[in-house]
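First up is the structure itself, then whatever we jot down about it.
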Amino acid sequence: MNLVKSEKLEKNQHQLQFSIDAASFNDAIAKAYKREAGKYNIPGFRKGKAPRHVIELNYGKGVFYEDALNNLFSEHYYDIIDKEKENFTVVGQPELSVDDISEKGAVLVATVAIKPDVKLGAYKGINIQKVEYTVKDEDVEAELKRLQERNSRLVAVEGRAAENGDTATIDFSGSVDGEKFEGGTSENYPLVLGSGSFIPGFEEQVVGMNVGESKDINVKFPENYQAENLKGKDAVFAVTLHKLEKKELPEINDEFIKDAAGAESVEAYKKETRERLEKQAKEKGDAETENNIVKAITETSEADIPDAMIESQMDMMMRNMEYRLGMQYGGLKLADYLKYMGTDLATFREGYRSQAADTVKSQLVVDKIIREEGIKAEEAEIDAKLEEFAKAANKTLEEYKKDVDASQREYIANDIVVNKLFDFLKANNNMTSEPAEKPAEKKPAAKKTAKKAETEGEEKSAAKKATAKKTAAKKADAEGEGKPAKKPAAKKTTKKAEEKAE
């Protein structure tokens, strides 16, 4: 199969014409016959044993044409397209049509979406907010407190009633209008009072109960509760308190720090913690600064983005979301998560369209600047990075390079290029500093998101969804939808675009 004509169409589309010579086509037909002959029943022949001409006589001369064309196209198309990448880059799958076909060969026409060019806005000499975060003493103390909390233990409560902060082990059985509902019953359920994990009013009425006590708790399901049959309904839960425990915190001293964190002393732990937080604060500040740079340039740039690129990005976001659910929440399935969110896959996916379009545009802008400025990774730079990895692995560079394939070198080269890009952009723009009060949760740097599809916007919405999903996962682990748990927060998407579009 040969490319004989390439023509640019409107809206970033290309039309490609391919010719298939008679010899190649007939060879493909012969192979198709061998693969497909077993599908045809011909009287007088065992299944799969009928000669080709007999099958063609019964089913038509072109019975194997489609299969032959499909296989020829699949075999040669991507190699041909790869050779044309200097002229254009195809995105998405081609739309195929047949212009001519016979034993003398065939002519195929493919209409493809191509990567658009970008009309860059100003990317030098503009004002960019440089974000900086500082670490305070209270941030270090908060980390120490979290370490203490993680190493706490539950001890039995005696001589008093339940209070907020206690873990109450309860049986509960819920009913609406005197009828029990699915998922409304559980035994020996550990409920942290004041956690807000049950519907409003439930935990507040457990407070004050004593071990061994039983009582009816009257609550009202929220109007936006996920179970349709329970929305806004008054419910009664018969509750029995079996056990009451409170959290006991260990004393913070050098011995505790050695056991819990491996540091030599409390002061050593604080020093190590400050260094870690300062590193995270710098990474976060750098990430947000880089995001600000790309956002500012993208807003003044223009690109006519094919739907195929946006759809591909949306698919990637869905895969990332599903991966996070599985990894962070014990194998939680996207379908189950969507059920608790009260939506379906098509609606949920569509919510990412605007964000996906922004993401694709940002990556196109980044790629265009890299080309405009001729930013490249030199072989010596790649080897220097590999040498760092080799030292960490206690190997020589040559030993380490034996296990590094082309894709790994490409990844390292891309990382170097993006680092150089942001160094260039920071040096060529007016960076105005505006320190923030304290470091927030660490986010992936824009230079990484540019190549690994981890947008700031996606991370924000994923964090919100993860919170809702965690509630859903706890609920599923208990007794199902009817358990008096809070409804997960509605999905929120934000617009940000720093990730690889393809």
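When restricted to residues that are free of Cβ contacts under 8 Å to residues at least 12 places away in the same chain and within 40 Å of the chain's Cα centre (by Cα), the range 9-43 contains 1. Limited to the range 284-324, what total is found for residues that are assigned to a helix (DSSP H, G or I) and open to solvent by less than 10 Å² (accessible area, probe 1.4 Å)? Qualifying residue count for the region: 14. Residues in the range 223-258 that are within 18 Å of PHE198 (Cβ to Cβ), among the charged types (D, E, K, R) and not in a loop (DSSP other than H, G, I, E, B): ASP234, LYS243, GLU245.
Looking at GLU143, GLU103, GLU138 in this structure, which one is out of contact with any Asp or Glu (no Cβ under 9 Å at 6 or more places or on another chain) and surrounded by 13 or more Cβ atoms within 10 Å (Cβ to Cβ)? Answer to the selection: GLU143. Residues in the range 57-93 that are acidic (Asp, Glu), at pLDDT below 90 and surrounded by 13 or more Cβ atoms within 10 Å (Cβ to Cβ): GLU84 only.
Of the candidates LYS130, LYS119, LYS124, the single residue that is in contact (Cβ under 8 Å) with a residue 40 or more places away in the chain, under 30 Å from ASP307 (Cβ atoms) and open to solvent by 30 Å² or more (accessible area, probe 1.4 Å) is LYS119.
Tallying residues that are open to solvent by 70 Å² or more (accessible area, probe 1.4 Å) and either at pLDDT 95 or above or over 16 Å from THR240 (Cβ atoms) (or both) within the range 179-209 yields 7. Considered as a group, the residues in the range 325-357 that are without any contact (Cβ under 8 Å) to a residue 40 or more places away in the chain and either in contact with an Asp or Glu (Cβ under 7 Å, 6 or more places away or on another chain) or not in a helix (DSSP H, G or I) (or both) include one that is surrounded by the fewest Cβ atoms within 10 Å (Cβ to Cβ), and that residue is GLY331. Taken over the range 210-231, the criterion of being over 24 Å from LYS246 (Cβ atoms), surrounded by 19 or more Cβ atoms within 10 Å (Cβ to Cβ) and over 40 Å from the mean Cα position of the chain (by Cα) is satisfied by no residue.
Can you pull out the residues in the range 385-403 that are open to solvent by less than 50 Å² (accessible area, probe 1.4 Å) and either out of contact with any helix residue (DSSP H, G or I) (no Cβ under 9 Å at 6 or more places or on another chain) or in contact (Cβ under 8 Å) with a residue 12 or more places away in the chain (or both)? LEU386, LEU397 - these are the residues of the range 385-403 that are open to solvent by less than 50 Å² (accessible area, probe 1.4 Å) and either out of contact with any helix residue (DSSP H, G or I) (no Cβ under 9 Å at 6 or more places or on another chain) or in contact (Cβ under 8 Å) with a residue 12 or more places away in the chain (or both).
The values are calculated or read from the model by the stated rules, or taken from the named source; none is laboratory data. As the structure is a prediction and not an experimental result, all values here were calculated from the model. Virtual Cβ from ideal backbone geometry, glycine too; neighbours counted across all protein chains shown. To get the accessible areas, we keep the full protein, side chains included, count just its heavy atoms, and leave off ligands, DNA and RNA. Shrake-Rupley method; radii C 1.70, N 1.55, O 1.52, S 1.80 Å.
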